[in-house]
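Heads up: the structure comes next, in structure tokens.
The values are calculated or read from the model by the stated rules, or taken from the named source; none is laboratory data. In this text, all values refer to a predicted model and were calculated from it rather than measured experimentally. Virtual Cβ from ideal backbone geometry, glycine too; neighbours counted across all protein chains shown. Heads up: the accessible areas ignore ligands, DNA and RNA and are worked out on the full protein's heavy atoms, side chains in. Shrake-Rupley method; radii C 1.70, N 1.55, O 1.52, S 1.80 Å.
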Amino acid sequence: MSPSRAGDFKQCPLLYRFRAIDRLPERPSRAQIRGTVVHAVLERLYDLPAEERSFEGARELVAPAWEQLCVQEPELVGQLFDGPEDPELAPWLESTGPLLEAYFQLEDPRRLEPEARELLVETELESGLLLRGYIDRLDVAPTGQMRVVDYKTGAAPRQVAEARALFQMKFYALALLHVRGVVPTQLRLMYLADTESLTYEPDEAELRRFERTLDAIWQAIRTAGESGDFRPNPGRLCEWCSHKSLCPAWDGTPPDYPGWPADPAAVSAEETAVERAG
């Protein structure tokens, strides 16, 4: 299970089914792909010598990051623009500038040497549930203290939505506790759309309770998977759902349920680069 798939089920069980079991395609938005490009730039930024980690240096990384993304997903340009000569493409690439500028207002990368970027963490809980996720950045102090950093290209959530935002970070913290035997000292979400950050200091008892929460979510997923009863949970987020036309809450008809696979590992737990960008 990944943070995205667990979050999908919490938000809407039917959305989980569409993504993890049916694996229906979704058309990315320009905002989502811009987030992916910004994440790639911030990852590459730390390949530069410390003295070259400037806003100007980051801007120079935008075009190579976009080009690499197009090589990895050649259909992307056609999905977002009317070809590489579309006059809207250049201004769209330029729109990464304010997000990158916000990053430099939140911290000075010249003073940091992350231990890892885009770090894949995997661990198996006592229940047998496999957790898998990608951490944007992991900072480790000489004393061994760990800080988990996640970049978000959207705006900071309102207070009532902070728990949802921290769910992903607690997921990473729990995985690191299992893998390294250490509770991260700090979890930090950096919201680049409005130059805000959210920090949280977990403790081991809290993460052990969170582990039981993840086990409960997985049991609920298995129960729904065996019966095929993945119910929709309509709400404000439906307006941005790629599968609204198939949802019975909006008079749609889902495809026939393909059934729960005999091997649970066949259920998709993968997060796309777009999902990780947030």
Exclusive hit being small (Gly, Ala, Ser), in contact with a helix residue (DSSP H, G or I) (Cβ under 9 Å, 6 or more places away or on another chain), modelled with pLDDT under 95 and buried (at least 19 other Cβ atoms within 10 Å of the Cβ), set SER4, SER29
SER4
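Here's the yes/no breakdown for (1) closer than 24 Å to MET1 by Cβ; (2) in contact (Cβ under 8 Å) with a residue 24 or more places away in the chain; (3) open to solvent by less than 40 Å² (accessible area, probe 1.4 Å):
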| residue | (1), (2), (3) |
| --- | --- |
| LEU138 | yes, yes, yes |
| GLN145 | no, yes, no |
| PHE167 | yes, yes, yes |
| HIS178 | yes, yes, no |
| VAL182 | yes, yes, no |
| PRO202 | yes, yes, yes |
| ALA205 | yes, no, no |
Going through segment 51-65 in order, the residues found to be open to solvent by less than 20 Å² (accessible area, probe 1.4 Å) and either touching a strand residue (DSSP E or B) at 6+ places or on another chain (Cβ under 7 Å) or part of a helix (DSSP H, G or I) (or both) are GLY57, ALA58, VAL62, ALA65
Single match in LEU100, LEU48 (criterion: closer than 30 Å to ALA175 by Cβ, out of contact with any Cys (no Cβ under 9 Å at 6 or more places or on another chain) and assigned to a helix (DSSP H, G or I))
LEU100
Return yes or no: is LEU80 farther than 22 Å from ASP150 by Cβ, touching a Ser or Thr at 6+ places or on another chain (Cβ under 9 Å), open to solvent by less than 20 Å² (accessible area, probe 1.4 Å) and not small (Gly, Ala, Ser)?
yes
If you scan segment 7-18, which residues turn out to be open to solvent by 70 Å² or more (accessible area, probe 1.4 Å) and charged (D, E, K, R)?
LYS10
Within segment 212-237, residues part of a loop (DSSP other than H, G, I, E, B), closer than 23 Å to PRO258 by Cα and of a type in the set (Gly, Ala, Ser) come out as GLY228
Looking for something farther than 17 Å from THR153 by Cα and either part of a helix (DSSP H, G or I) or open to solvent by less than 30 Å² (accessible area, probe 1.4 Å) (or both) - is there at least one such residue anywhere in segment 33-45?
no
For segment 249-270, which residues satisfy the criterion of being at pLDDT 95 or above and of a type in the set (A, V, I, L, M, F, W, C)?
ALA249, TRP250
Which numbered condition LEU237 misses (of (1) hydrophobic (A, V, I, L, M, F, W, C); (2) closer than 20 Å to PRO13 by Cβ; (3) open to solvent by 60 Å² or more (accessible area, probe 1.4 Å); (4) at pLDDT 95 or above)
(4)
Subset tally (residues that are within 27 Å of GLN105 (Cβ to Cβ) and either touching a residue at least 40 places away in the same chain (Cβ under 8 Å) or hydroxyl-bearing (Ser, Thr, Tyr) (or both)) for segment 115-132:
2
Scanning segment 89-111 for residues that are closer than 12 Å to LEU42 by Cβ and surrounded by 14 or more Cβ atoms within 10 Å (Cβ to Cβ) gives THR96, LEU99, LEU100, ALA102, TYR103, PHE104, LEU106, PRO109
Of the listed residues (ARG132, ARG110, ARG164), the one being outside any helix (DSSP H, G or I) and basic (Lys, Arg) is ARG132
Within segment 117-136, which residues are acidic (Asp, Glu) and open to solvent by less than 70 Å² (accessible area, probe 1.4 Å)?
GLU118, ASP136
Given the options LEU246, LEU198, LEU214, name the one that is modelled with pLDDT under 95 and open to solvent by less than 60 Å² (accessible area, probe 1.4 Å).
LEU198
